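Novice: Mind having a look at this structure? Questions to follow.
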Amino acid sequence: MGGKCQLQATVVLLLFLQSTQCIFIKYHGFQVQLESVKRLSELEGQQVSSPLLQAKSLLPTVCHNPALPLDLQPVCASQEAASIFKALKTIANTDECELCANIACTGCG
């Protein structure tokens, strides 16, 4: 009986691992994890926008946040960072990415 339980646990674990695969979004030469883009949206929602900081910087204010995921930080070096972040969030907010129906999304099992 113990062998059967182990086998079932192994199958459940494998299914869990498949469902947590990294999905990447490729856009304008950047490749970022879907989870990082979801984190970006959370960070933007938490942040209090300072007019002084916005006036001094052409970068989106989230670029100054130390909690910005590492794979999103190179986007901040682009002059188009704000529009790239907006596009990434649009792609990530559709179910098409998690279902891998969007050509910008890779890493689906």
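Novice: Consider only pairs whose beta carbons are under 8 Å apart and that are at least six residues apart or on different chains; among these, list those whose first residue lies in the range 74-91 and is over 10 Å from residue 27 (Cα atoms) and whose second residue is basic (Lys, Arg) and exposed (fewer than 15 other Cβ atoms within 10 Å of the Cβ).
Specialist: none
Novice: Okay, next question. Name every residue in the range 42-52 that is exposed (fewer than 15 other Cβ atoms within 10 Å of the Cβ) and at pLDDT 85 or above, in order of residue number.
Specialist: Correct list: 42 only.
Novice: Please determine, by comparing only the residues of the range 62-78 that are closer than 16 Å to residue 46 by Cα and either touching a Ser or Thr at 6+ places or on another chain (Cβ under 6 Å) or among the aliphatic types (A, V, I, L, M) (or both), which one is most open to solvent (accessible area, probe 1.4 Å).
Specialist: Step by step, filter the range 62-78, then rank; the result is 67.
Novice: Filter the range 79-102 down to the residues that are open to solvent by 30 Å² or more (accessible area, probe 1.4 Å), among the hydrophobic types (A, V, I, L, M, F, W, C) and modelled with pLDDT of 75 or more and list them by number.
Specialist: Hit for the range 79-102 is 82, nothing else.
Novice: Have a look at 26, 38, 4 and point out the one that is at pLDDT 85 or above and either part of a strand (DSSP E or B) or open to solvent by 100 Å² or more (accessible area, probe 1.4 Å) (or both).
Specialist: 26
Novice: Let me spell it out: the conditions are (1) assigned to a helix (DSSP H, G or I); (2) at pLDDT 90 or above; (3) open to solvent by 50 Å² or more (accessible area, probe 1.4 Å), and residue 55 meets all of them except one. Which number is the exception?
Specialist: (2)
The values are calculated or read from the model by the stated rules, or taken from the named source; none is laboratory data. Computed from a predicted structure; not experimentally measured. Note that we place each Cβ from the backbone using ideal geometry, even for glycine, and neighbour counts take in every protein chain shown. The area values use the complete protein model at the heavy-atom level, side chains included, leaving out ligands, DNA and RNA. Shrake-Rupley method; radii C 1.70, N 1.55, O 1.52, S 1.80 Å.
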